[in-house]
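Below is one structure; the comments refer to it alone.
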Amino acid sequence: MANTVPARNEEYSTQEYWDQRYAQEAEEATFDWFKKYEDVAHLLRPILPVKTARILMLGCGNSTLSEDMYDDGYTNIVNIDYSPVVIERMRARNYHRPEMQWLVMDIRDLTFEDDSFDVVIDKGTMDAMMTAKGDVWDPPQQVIDDCAKEVDEVLRVLRVGDSTFLYLTFGQPHFRRRYLTRPNTTLEIQQIGDAFHYYLYILRNWTEYGFPPV
Ligand SMILES: C[S@@+](CC[C@H](N)C(=O)[O-])C[C@H]1O[C@@H](n2cnc3c(N)ncnc32)[C@H](O)[C@@H]1O
């Protein structure tokens, strides 16, 4: 198996690293950061009750999350990653799942229209942008700007009123909340696991007039 661990942690925040990593791996290789769909499906299904929801997957990599969600009925998924190598492979791998799309795109600069998705999912992608060298307690400005751009873009493309951004990470609330606290949104955090914890951040996007009537 190819050695795909970078010499320096901050390489995780470069497109060159990811392209090289995927090019070194076998064409059929898959890898899921943190959790697979089967580990979190029981958490996601109640949050995402509408299977026809239009879903955007940020930094899909060669994770099986999208194909497993597709096979569970969530067929309206658009997958993006800034590595053309992995997007090409994932498009070929999933040719028999025709409703899914695979696009080369930077999560900080989405080309989608405003208000065009019901759900956006990030599993481990914001984390990759946070690996730039520096103090985790006082992150470099580049990290703050990159994460802010991602969340700005997510909130722009999410439909106004009752749409959801799901972010699955190992990052504890102290280190992540600052990026996910925005006007007209609510943030719920679910802790996953017993010994080593992961976190599911659920950012709900409400209208500018507040919560929709129940
Ligand atoms: C840690 S991996 C997570 C992959 C997958 N989401 C998973 O759960 O296994 C990060 C992925 O995000 C992609 N990525 C990192 N920064 C990105 C950016 N700014 N725009 C688009 N993709 C990005 C990388 O190419 C890589 O495939």
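Here is how the numbers come out for the structure above:
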{"item": "Cα-centred dipole magnitude for the chain, charges only on beta-carbon of K, R (+1) and D, E (-1), debye, nearest 20", "result": "380"}
{"item": "Where Cα atoms sit under 21 Å apart: lysine pairs in the stretch 9-205 separated by 8 or more or lying on different chains", "result": "7"}
{"item": "Test item: Cα-centred dipole of the stretch 52-149, Lys/Arg +1 and Asp/Glu -1 on Cβ, debye", "result": "380"}
{"item": "For Trp102, residues with placed amide H under 5 Å, excluding near neighbours", "result": "Asn79"}
{"item": "Selection from Val104, Gly134, Ile202, by position along the positive dipole direction of the chain (Cβ)", "result": "Ile202"}
{"item": "Sequence of Glu28, Glu153 once ranked by neighbouring C-beta atoms within 10 Å, starting from the fewest", "result": "Glu28, Glu153"}
{"item": "Karplus-derived HN-Hα couplings along the stretch 156-172 (A = 6.51, B = -1.76, C = 1.60, θ = phi - 60°), whole Hz, x at Gly and Pro", "result": "5, 7, 6, 5, 5, x, 6, 10, 9, 10, 10, 10, 9, 7, 8, x, 6"}
{"item": "FRET efficiency estimate (nearest 0.05) - Cβ-Cβ, Ala23 to Gln142, R0 35 angstrom", "result": "0.85"}
{"item": "Exposure proxy ranking, count of Cβ atoms within 10 Å, fewest first, for Val157, Val50", "result": "Val50, Val157"}
{"item": "Residue among Ala53, Ala26, Ala92 with the largest mean-square fluctuation in a Gaussian network model of the chain, springs linking Cα atoms under 10 Å", "result": "Ala26"}
{"item": "Low-density loop cleavage sites - chymotrypsin sites (Phe, Trp or Tyr not before Pro) in the stretch 100-199, where at most 13 other Cβ are within 10 Å (DSSP)", "result": "Trp137, Phe196"}
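Every read-out reported here was derived from the displayed coordinates using simple, explicitly stated rules and does not represent laboratory data. This structure is a prediction, so every number in the text was calculated from the model and none was measured. Here Cβ is always computed from backbone atoms with ideal geometry, including for glycine, and neighbour counts include all displayed protein chains.
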